[in-house]
1. What FRET efficiency comes out for LYS59 versus GLU228 if R0 is 51 angstrom and r is the Cβ-Cβ distance? Round to the nearest 0.05.
2. May I ask which of LYS89/LYS110; LYS147/LYS181; LYS170/LYS266 have a Cα-Cα span longer than 20 Å here?
3. Determine the distance separating the Cα centre of the range 255-305 from the Cα centre of the range 208-239; give it in Å without decimals.
4. How would you order 230-237, 186-193 from highest to lowest mean count of nearby Cβ atoms within 10 Å?
5. Sorted by average packing, counted as other Cβ atoms within 10 angstrom per residue and highest first, what order do 371-382, 214-225, 167-178 take?
Amino acid sequence: MKALLFVVCVASALASHAYIYPFNSNNVNELEGLNQKQIAQLIKYNIGLVEHISADQQKVFEQLIKTFGKGNILSPTDMNYLILIESEKLYQGQELKQQRITEGFSQSFKVMDKDPKSLLESLFGQQDDSLIKKAQKMYNQNNLGFKIYQNEDNLDINYLQWTITLYLGKNNEVYFYEPNKDKSYKVDSSLEKCVDNFFGTTFDYAPNEKKIYKYNTNEMIEITQDNEEQIIGFLKDVCAMNKLSTLFKKSNQPNMLSIINKSIAKLEKLMKESEIEMVYDMMRIAHKKLSKNLRNTFENEELFGLILVEEEKNPQLTTTKESAKVQRILMETRTRMLNQVTQTNSSGYVMNATTYQIYVWFGVFFVIVLIGIIYAMVTMDIQKDTLLYAKFLTTDQRA
């Protein structure tokens, strides 16, 4: 009887903690039954913004959240992340290509239903029922850690308040820039180092040779004048995933990292089939490494991530005077920040304001003191020193 009771207790304990080992592939398919609106509801529900949904739908959401990594349904999660990929080929439902993106990835993946409104708009738009509006209202806009990564070449100005973008310095140094804060900071010494560290021993980006190699194979991507801009844009996205997945930290308030990838859609229009297959492989590894980096910071039961694919959409650039002004200021600021960085980096050292002030005022005071010393020496009154010119009597003279 005691043995039976022990077995029952152990089984109950294991069952109650089963969600600690998430990513059950048997339940991933359940996500396919949700449309864009329900996906948005699921994310809102997961961070504590409970929707007016039926009890049956709540149970579905709770099961999905447990499956994909959320441990405690009763309190807002400490971490969410969303990767939104624009890609015509992936969107068209070519399963083999979709698998090249998600194979080995531990979180959930879904091709979105066709909708004129993007998921980004559903989550971060200005309408009252959007995720960001509800979160701001519930948490009084205090310390919401919502961040959206956008490539600088594809900025959607409607989301600048939460945007982080990435740009390269004069010598390919990597910088993050937050337009809303007008803040720029260095995150790596070069794009090559940032990318190669993320890909490990699978791919090698060789900018001097204008090629990307896949180790232990003959596969490579040649970087030409026709595709260089698009490939660099893709590599910048990969580098951003690398750095953001290590810099994003826990918070007592809801926070979500959204990575918007528009570079794959551009490459699909330029590259040969074999080359785009390599791009899919690179993105798969990037997703896998991102998930691993985040799990090093956040425990599995606190991690909830989605990879979603939409058809290609153009950035939502409104035509109002205010948005045009914001866009102009953004471009001017970005140019100014880049010029400041490249000019200071040309000497191999970035001098901050405090150090500059110390150098300047030390030089001023040193010159003043030096002038004072020279003036005192020049105007000194020359007299015979009584000690040096004293006359002493010898012993014989004293006698």
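Throughout, read-outs are computed from the coordinates displayed, never taken from laboratory work. Fair warning: this is a prediction, and the values are worked out from it, not measured in the lab. Heads up, the Cβs are rebuilt from the backbone with ideal geometry, glycines too, and the neighbour counts pull from every protein chain shown.
1. Working: r = 51 Å, r/R0 = 1.00.
My answer for the efficiency is 0.50.
2. LYS170/LYS266
3. 16 Å
4. The packing order, highest mean first, is 230-237, 186-193.
5. Highest to lowest by the protection proxy: 167-178, 214-225, 371-382.
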